[in-house]
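The values are calculated or read from the model by the stated rules, or taken from the named source; none is laboratory data. Not measured: the values here are computed from a predicted model. Neighbour counts run over all protein chains shown; Cβ positions are idealised from the backbone, glycine included.
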Amino acid sequence: MESILSFKQVSKRYQSGDFWNPIKAQALKQVNFDVTRGDVFGLIGLNGAGKTTLMKTAVGLLRPDEGDVRIFGKSPQEIETRRRFGYLPELPYFPKYLSAWEVLLFYGRLHGITGATLRSRCEETLRLVGLWTAAKEPILRYSKGMQQRVGLAQTLLHQPELVFLDEPMSGLDPLGNKEMRDVILGLKAKGTTIFFNSHILADVERICDRVGIMHHGKMLKVENVAELILGFASNVTLGLGSVSDTVLKKVKAMRLSMRKENRIWTLDVPHKKLSDILARLKKAGLSQPSVLSYGSPLETAFLSLTAEAVHA
């Protein structure tokens with residue numbers, strides 16, 4: 001399969017602090033991965049994992065300190081390369097006195113689209129994102145979700161081969177979320193390559209062909225979603241109830257995916273390992289834990305891999 005986006009040993013550092021005491025914070029650490037043509041690639045990670053920095057580096061808004069980024073085999077800084085992809089930032093902004101129609105006319109002309117072709121393209125794109133009935137109203141009257149759709153329309157107007165979407169479901173209600181998923185899947189059906197990041201694991205699991213899991217600037221894993229799901233199966237969340245400090249110390253030493261919610265310690269356990277882990281918990285002195293919920297396989301993979309990274 002043809003690689004349409006590639007990261008090779010990419011690192012990026014930010015400098016903070018004052019002139020006399022500069023502090024270097026590493027946002028990306030030797031990131032390597034490829035996105036192939038026609039794929040929907042999802043990027044997931046905790047807040048501060050480096051997802052937005054990675055996307056800004058991919059589209060050329062940031063330059064890597066080390067390594068190399070290529071889109072269509074060329075630098076993202078090149079004008080011809082930029083004409084072939086679209087980018088939707090997490091918080092798109094447009095002058096509130098303009099309408100969605102006027103915004104698209106402006107950006108269409110920047111792309112060199114004019115006349116009847118531009119008007120036809122604007123209508124087609126606004127219908128695609130569900131804004132045609134409000135196309136002539138000022139953005140001032142739009143909800144946050146509608147403003148997000150204006151950004152998506154601007155991103156898709158020039159019919160790019162590759163689309164970058166930074167948190168595209170942000171601010172959308174359940175109906176808007178479904179419509180956004182449908183748009184992404186419609187683009188995929190037309191052969192558009194899509195790269196997006198999201199906190200909503202269910203969307204990533206439902207939409208993506210491949211997924212990358214980031215943690216503290218490192219790409220922990222890049223894998224086909226179906227294979228990742230098979231590897232982690234469905235997970236079970238166990239509540240530990242009242243636990244003594246001695247037992248809790250033994251459980252933590254097992255390096256399981258643990259977290260504390262409302263003063264109750266919970267474990268996320270892959271279903272296929274449940275029997276083994278229950279036996280280990282009993283040996284550690286823990287009475288039978290309660291089953292709180294069954295989660296998604298991708299959530300299990302994400303929590304497991306990030307927990308391993310924390311303890312590594």
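Return a yes/no flag: does segment 61-68 have any residue that is in the same structural domain as R141 (by TED's automatic domain parsing), in contact (Cβ under 8 Å) with a residue 60 or more places away in the chain and either under 26 Å from V183 (Cβ atoms) or out of contact with any His (no Cβ under 6 Å at 6 or more places or on another chain) (or both).
Initially, segment 61-68 is screened for residues in the same structural domain as R141 (by TED's automatic domain parsing), giving 61-68.
Subset that is in contact (Cβ under 8 Å) with a residue 60 or more places away in the chain: 67-68.
Adding the requirement that they be either under 26 Å from V183 (Cβ atoms) or out of contact with any His (no Cβ under 6 Å at 6 or more places or on another chain) (or both) leaves 67-68.
Checked against the condition, which is being in the same structural domain as R141 (by TED's automatic domain parsing), in contact (Cβ under 8 Å) with a residue 60 or more places away in the chain and either under 26 Å from V183 (Cβ atoms) or out of contact with any His (no Cβ under 6 Å at 6 or more places or on another chain) (or both), segment 61-68 yields at least one hit.
Of L303, L238, which residue is of a type outside the set (V, I, T), surrounded by 19 or more Cβ atoms within 10 Å (Cβ to Cβ), under 30 Å from R210 (Cα atoms) and modelled with pLDDT under 75? So that I can check it myself, show each step before the final result.
Numbers: L303 fails: modelled with pLDDT under 75.
Being of a type outside the set (V, I, T), surrounded by 19 or more Cβ atoms within 10 Å (Cβ to Cβ), under 30 Å from R210 (Cα atoms) and modelled with pLDDT under 75 holds for just one of L303, L238, which is L238.
Residue by residue through segment 65-75, note down the ones that are surrounded by fewer than 20 Cβ atoms within 10 Å (Cβ to Cβ) and touching a strand residue (DSSP E or B) at 6+ places or on another chain (Cβ under 6 Å).
Across segment 65-75, the qualifying residues are D65, E66, G67, D68, R70.
Across segment 110-158, what is the number of residues that are in contact with a strand residue (DSSP E or B) (Cβ under 9 Å, 6 or more places away or on another chain) and surrounded by fewer than 20 Cβ atoms within 10 Å (Cβ to Cβ)?
So the count comes out to 7.
Assigned to a strand (DSSP E or B), more than 27 Å from R84 (Cα to Cα), modelled with pLDDT of 90 or more and under 15 Å from the mean Cα position of the chain (by Cα): does that describe L220?
Values: assigned to a strand (DSSP E or B): yes; more than 27 Å from R84 (Cα to Cα): yes; modelled with pLDDT of 90 or more: yes; under 15 Å from the mean Cα position of the chain (by Cα): yes.
Taking the combined requirement at face value, the residue satisfies it.
On the given criteria, is S3 free of Cβ contacts under 8 Å to residues at least 24 places away in the same chain, surrounded by 13 or more Cβ atoms within 10 Å (Cβ to Cβ) and among the hydroxyl-bearing types (S, T, Y)?
On the way: free of Cβ contacts under 8 Å to residues at least 24 places away in the same chain: no; surrounded by 13 or more Cβ atoms within 10 Å (Cβ to Cβ): yes; among the hydroxyl-bearing types (S, T, Y): yes.
No.
Need a quick list: strands (runs of 3 or more DSSP E) entirely within segment 31-141 having at least 2 residues that are touching a Pro at 6+ places or on another chain (Cβ under 7 Å). Spell out how you get there, then give the answer.
Numbers: elements: 40-45, 66-71, 85-88.
Answer list for segment 31-141: 85-88.
Quick one: is I139 touching a residue at least 60 places away in the same chain (Cβ under 8 Å) and under 25 Å from V103 (Cβ atoms)? Before you say what the answer is, go through the steps one by one.
Values: touching a residue at least 60 places away in the same chain (Cβ under 8 Å): no; under 25 Å from V103 (Cβ atoms): yes.
Here the answer is no, as I139 does not meet what is asked.
Report, by residue number, each residue of segment 142-187 that is in contact with a Gly (Cβ under 7 Å, 6 or more places away or on another chain), in a helix (DSSP H, G or I) and not acidic (D, E).
Hits for segment 142-187 are K144, G145, Q148, R149, T155, L156, G176.
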